[in-house]
1. Could you tell me which numbered condition PRO79 fails, if it satisfies all but one of (1) in contact with a helix residue (DSSP H, G or I) (Cβ under 9 Å, 6 or more places away or on another chain); (2) over 19 Å from LEU156 (Cα atoms); (3) buried (at least 16 other Cβ atoms within 10 Å of the Cβ)?
2. Please find, among ILE82, ILE4, the residue that is at pLDDT below 95 and of a type in the set (Val, Ile, Thr).
3. Tell me whether segment 122-132 contains one or more residues that are among the polar types (S, T, N, Q) and outside any loop (DSSP other than H, G, I, E, B).
4. Can you say whether ILE148 is touching a residue at least 40 places away in the same chain (Cβ under 8 Å) and surrounded by 14 or more Cβ atoms within 10 Å (Cβ to Cβ), as far as the supplied structure shows?
Amino acid sequence: MIDILEKSGPRRGGCATRRSIGSTRFIKPRPSMQIVPLVKDVMSSNVLVTPPDTTVMDAARQMRSENRGSVVVMDKMKPVGIVTERDLFKRVVADGLVPKDVLVRDIMSSPLLSIGPGDTIKSAAKMMAEKEIRRLPVIEKNKLVGMITATDLARLEPHELL
């Protein structure tokens with residue numbers, strides 16, 4: 001059986017009806033319906049992580065080898081902070097510290113700002129703009145499930161952010 005949603009004659013204004021043919025179901029959205037993209041639709045699920053007692057040098061090397069701009073700090077399987085390229089520059093290099101003598105726990109941004117996978121892209125973009133951050137960990141039930149970045153948002157079509 002196939003279900004097809006179509007506009008019915010006298011009922012205008014975007015209403016839809018269902019028609020069945022065979023065993024497959026087709027859904028035709030009303031013209032007024034907009035699909036709202038969610039964080040889980042654009043996030044990266046492969047996130048670089050490190051324990052808090054890692055040296056900044058090791059974390060920076062890990063970021064370089066994986067071509068990543070950040071690493072999430074995990075303590076006992078719980079995300080507790082994030083270290084970005086900007087943190088390395090502002091909190092280590094600019095202060096003249098020696099990267100092999102500094103731990104990521106000492107320079108990480110904490111508490112960790114995050115968003116859920118079911119939140120909208122618009123809410124992620126708004127939070128990132130308000131907090132002036134470029135990377136936002138995605139957390140579900142206290143578990144790190146992904147990362148959304150300003151680059152991910154820039155790749156979207158403009159109407160997807162409305």
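The values are calculated or read from the model by the stated rules, or taken from the named source; none is laboratory data. What you see is a predicted model; the values in this text were computed from it and never measured. For neighbour counting, all protein chains shown are included, and Cβ atoms are generated from backbone atoms with ideal geometry for every residue, glycine included.
1. Going through (1) in contact with a helix residue (DSSP H, G or I) (Cβ under 9 Å, 6 or more places away or on another chain); (2) over 19 Å from LEU156 (Cα atoms); (3) buried (at least 16 other Cβ atoms within 10 Å of the Cβ) one by one, PRO79 breaks only (1).
2. Details: ILE82 fails: at pLDDT below 95.
None of the others qualify; the one that does is ILE4.
3. Our first condition is that a residue be among the polar types (S, T, N, Q); within segment 122-132, this holds for 123.
So of that shortlist, the ones also outside any loop (DSSP other than H, G, I, E, B) come out as 123.
Yes, segment 122-132 has at least one match.
4. Values: touching a residue at least 40 places away in the same chain (Cβ under 8 Å): yes; surrounded by 14 or more Cβ atoms within 10 Å (Cβ to Cβ): yes.
It is true that ILE148 is touching a residue at least 40 places away in the same chain (Cβ under 8 Å) and surrounded by 14 or more Cβ atoms within 10 Å (Cβ to Cβ).
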